[in-house]
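Colleague: Quick one: this structure, given as structure tokens, is what I'll be asking you about.
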Amino acid sequence: MHLQPRLHTAEEMGAIYLVYKEWKVFFMSRYSYFSHLQCPQCGLIFSGSEVRQLCGCGSPLLARYDLEALRQVLPRPELEGRETSLWRYHELLPVERPENVVTLGEGMTPLLPLPRLGAAYDLPHLYMKDEGIIPTGSFKARGATVGLSKAKELGVRQFAMPTNGNAGAAWSLYAARAGIRASVVMPVDAPMITRGECAASGADLYLVNGLISDAGRLVAGKIASGGIYDASTLKEPYRIEGKKTMGIEIAEQFGWTLPDVILYPTGGGVGLIGIYKALSELLELGWIEGPLPRLVAVQAAGCAPIVKAWQEGASRSEFWPNSGTAAFGINVPKALGDFLVLEAVYATGGCAVAVEDEALLSEQRLAASLEGAFVCPEGAAAFAAARKLRESGWIRDGERVVVLNTGMGIKYPETIPVNAPVLQPEDALPS
Ligand SMILES: *Cc1c(COP(=O)(O)O)cnc(C)c1O
Ligand SMILES: [Zn+2]
């Protein structure tokens, strides 16, 4: 039989293309495009399929992705209809099998315009990314969901970590959900409720009469005895991947455009490193265009090692002696990833700002009274910094500014002194 060659009609071509596209997405797409771990200091590469802590050179490791392959499958960020948690970005997360995901529904937090606070600061385009409504009450849930999911995938049964409270609370609760045993050490001064969160989850909880750096030494001793995963900040490479989703969400919520400035209350700086990493990956994927937002590391005046280093143009910070602040989550005298924080700030033309406790506590009240936003003291520090940077002219007219509120105000009841009159039942209210 003789087959007559003929051209396809436009409809046929369209149908063939659609079938091809579906096929390509179905057969070529992977749940995760995680490829390997890399040391940002010495460049060494490690497999991501076994447990890893720090690089031999002492640096934290970073997760790398096969972005070129992902770009083939998803040339544009077409994410409509996906779940409204940070797992909607699973291609850019390190967990390879969906059955290992340990989730409480975290992520996709609101990006709220703040017109009244913005008017008070002369920032008409002021937004708050509100992490206060996330499970466990702080954005540490993002690091915990990804860190523990990956730990589960790697077969981890038990971990230990030092914490200023919120990370320990989040990791304890997610560990309970994962069926992994948690040992947590926190300063006696850490927010009281975070003890409760750890205790309720069944974690082994220890309090130390000292700072997070002292808690770190105690944990290091336990790790040295062997067999326990070290979940200290940046000593495992995956919590940063959870925290980076704040950056992806901000881009998505602005319709894959970027704000001009992002202010972040910085302790260990993992969130800031993560946001910078996320935006760099999105640039490489072609999902967004630069320039990147100027990243601002905000610290408390009572603990400002990153600010001091930035002022000196240094690439690393020095231990900050006798640190103290009401913004407990950012009381970190020396961060392991300080050089990565500083790099993110320098590379984006950002800056580092220190805020007095008095200023951040008054900003906390102002945000609540003008906008109904009961932010945590760490978030309030970032608001105080926004005010400062606008006053100095560093933030220019009409710029789009995002402040990260990293937790809920109700985790810190002691930061709001209350002076309400106590009445007897037979009294009358004043007219
Ligand atoms: C941990 C914490 C921070 C600081 O986070 P890093 O990313 O480690 O700098 C800020 N705010 C709150 C509420 C925290 O718990
Ligand atoms: Zn290295």
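The values are calculated or read from the model by the stated rules, or taken from the named source; none is laboratory data. What you are looking at is a predicted structure, and each value in this text was computed from that prediction instead of being measured. Here the Cβ positions follow ideal geometry from the backbone for every residue, glycine too, while neighbour counts run over all protein chains shown. These accessible areas exclude ligands, DNA and RNA; they are computed on the full protein's heavy atoms, side chains included. Shrake-Rupley method; radii C 1.70, N 1.55, O 1.52, S 1.80 Å.
Colleague: What is the percent of Cα-Cα separations in the range 117-186 that go past 15 Å?
Modeller: Every Cα pair in the range 117-186 considered, those over 15 Å come to 58 percent.
Colleague: Based on the Cβ-Cβ distance of Ala15 and Phe254, what FRET efficiency does E = 1/(1 + (r/R0)^6) give at R0 = 51 Å, to the nearest 0.05?
Modeller: Once the sixth-power term is evaluated, E becomes 0.90.
Colleague: Please work out the Cα convex hull volume for the range 242-385 and give it in Å³ per residue.
Modeller: 102
Colleague: While we're looking at this one, here's another question. How much length is gained if the chain between Val418 and Leu79 is pulled fully straight, taking 0.36 nm per residue apart and subtracting their Cα-Cα distance, in nm to one decimal?
Modeller: Result: 117.5 nm gained on full extension.
Colleague: Continuing with the same structure: Probe radius 1.4 Å, ligands and nucleic acids left out: which of Thr406, Thr233, Thr84 has the largest accessible area, and how do the rest follow?
Modeller: From most accessible down to least: Thr84, Thr233, Thr406.
Colleague: Once you have all Cα-Cα distances for the range 61-192, histogram them in 5 Å bins from zero and send the whole-percent values.
Modeller: Result returned by the calculation: 2, 9, 15, 16, 17, 14, 12, 8, 4, 2, 0.
Colleague: If you don't mind, there's one more thing I want to ask. With +1 on the Cβ of every Lys and Arg and -1 on the Cβ of every Asp and Glu, and nothing else charged, how large is the dipole of the range 299-431 about its Cα centre, in debye rounded to the nearest 20?
Modeller: Computed about the Cα centre, the dipole is about 400 debye.
Colleague: Report the one residue of Gln53, Gly393, Leu79 whose Cα lies farthest in the direction of the positive end of the charge dipole of the chain (charges on C-beta: Lys and Arg +1, Asp and Glu -1; origin at the Cα centre).
Modeller: Highest projection toward the positive end goes to Gln53.
Colleague: Then there is this: Calculate, axis by axis, the spread of Cα positions in the chain along the three principal axes, and write the results as whole Å, longest axis first.
Modeller: Sorted from largest, the Cα extents of the chain read 103, 57, 55 Å.
Colleague: Put +1 on the Cβ of each Lys and Arg and -1 on the Cβ of each Asp and Glu in the chain; which of Tyr264, Ser225, Pro98 then has its Cα farthest toward the positive end of the dipole?
Modeller: Farthest towards the positive end: Ser225.
Colleague: Compute the length gained on full extension between Glu289 and Tyr206: take 0.36 nm times their separation in residues and subtract their Cα-Cα distance, giving the result in nm to one decimal.
Modeller: 25.2 nm
Colleague: Using the 2.2 N^0.38 Å rule of thumb for compact globular proteins, work out how the range 363-431 stacks up: its C-alpha Rg over that value, please.
Modeller: Rounded to two decimals, the normalised Rg is 1.55.
Colleague: Still on this structure: Sum -39500 (n - 2.57) across every DSSP H segment of at least 4 residues in the chain, then divide by the residue count to get the 222 nm mean residue ellipticity, nearest 500.
Modeller: Calculated mean residue ellipticity at 222 nm is -11500 deg cm²/dmol.
Colleague: What whole-number distance in Å separates the alpha-carbon centres of the range 183-208 and the range 348-411?
Modeller: A separation of 28 Å, based on Cα centres.
Colleague: If packing is taken as the mean number of other Cβ atoms within 10 Å per residue, what is the order of 154-162, 282-290, highest first?
Modeller: Ranked by mean Cβ neighbours within 10 Å, highest first: 154-162, 282-290.
Colleague: Per 5 Å bin, what is the whole-percent P(r) computed from every C-alpha pair distance within the range 308-367?
Modeller: The percentages, shortest bin first, are 4, 15, 23, 23, 18, 13, 4, 0.
Colleague: Hey, with R₀ at 30 Å, roughly what FRET efficiency would Val188 and Ser315 work out to, going by the Cβ-Cβ distance, to 0.05?
Modeller: Efficiency, rounded to the nearest 0.05: 0.30.
Colleague: Given a Förster distance of 51 angstrom, what is the FRET efficiency for His125 paired with Leu218, based on the Cβ-Cβ distance and rounded to 0.05?
Modeller: So, using R0 = 51 Å, E works out to roughly 0.65.
Colleague: Can you give the charge dipole size of the range 140-230 about its Cα centre, rounded to the nearest 20 debye, using +1 on the beta carbon of Lys and Arg and -1 on the beta carbon of Asp and Glu?
Modeller: With only Lys, Arg, Asp and Glu charged at Cβ, the dipole is about 260 debye.
Colleague: Then there is this: Highest GNM mean-square fluctuation, the chain, Cα pairs closer than 10 Å: which of Asp130, Asp214, Asp357?
Modeller: Highest fluctuation among the options: Asp214.
Colleague: Compare Pro113, Pro94, Pro321 in a GNM of the chain, Cα atoms joined below 10 Å, and give the one with the largest fluctuation.
Modeller: Checking each option, the largest mean-square fluctuation is seen for Pro321.
Colleague: Using the alpha-carbon centroid of each, what span in Å lies between the range 282-331 and the range 131-181?
Modeller: Centre-to-centre (Cα) distance: 23 Å.
Colleague: Can you tell me the dipole magnitude for the chain around its Cα centre, using point charges on the Cβ only (Lys, Arg +1; Asp, Glu -1), in Debye to the nearest 20?
Modeller: The dipole magnitude comes to about 940 debye.
Colleague: Compute the normalised compactness of the range 181-307: alpha-carbon radius of gyration over 2.2 N^0.38 Å, N being the residue count.
Modeller: Taking the Cα Rg and dividing by 2.2 N^0.38 Å, one obtains 1.28.
Colleague: Largest first, please: the extent of the C-alpha atoms of the range 26-100 along each principal axis, to the nearest Å.
Modeller: In descending order, the Cα extents are 43, 25, 20 Å.
Colleague: Okay, moving on. Can you give the Rg/Rh ratio of the range 140-230, where Rg is from the C-alpha atoms and Rh is the Kirkwood radius?
Modeller: Reported Rg/Rh, Kirkwood definition of Rh: 0.94.
Colleague: Here's a follow-up. Tilt of helix 166-178 relative to the longest C-alpha principal axis of the chain, in degrees (0 to 90, nearest 10)?
Modeller: That works out to roughly 50 degrees.
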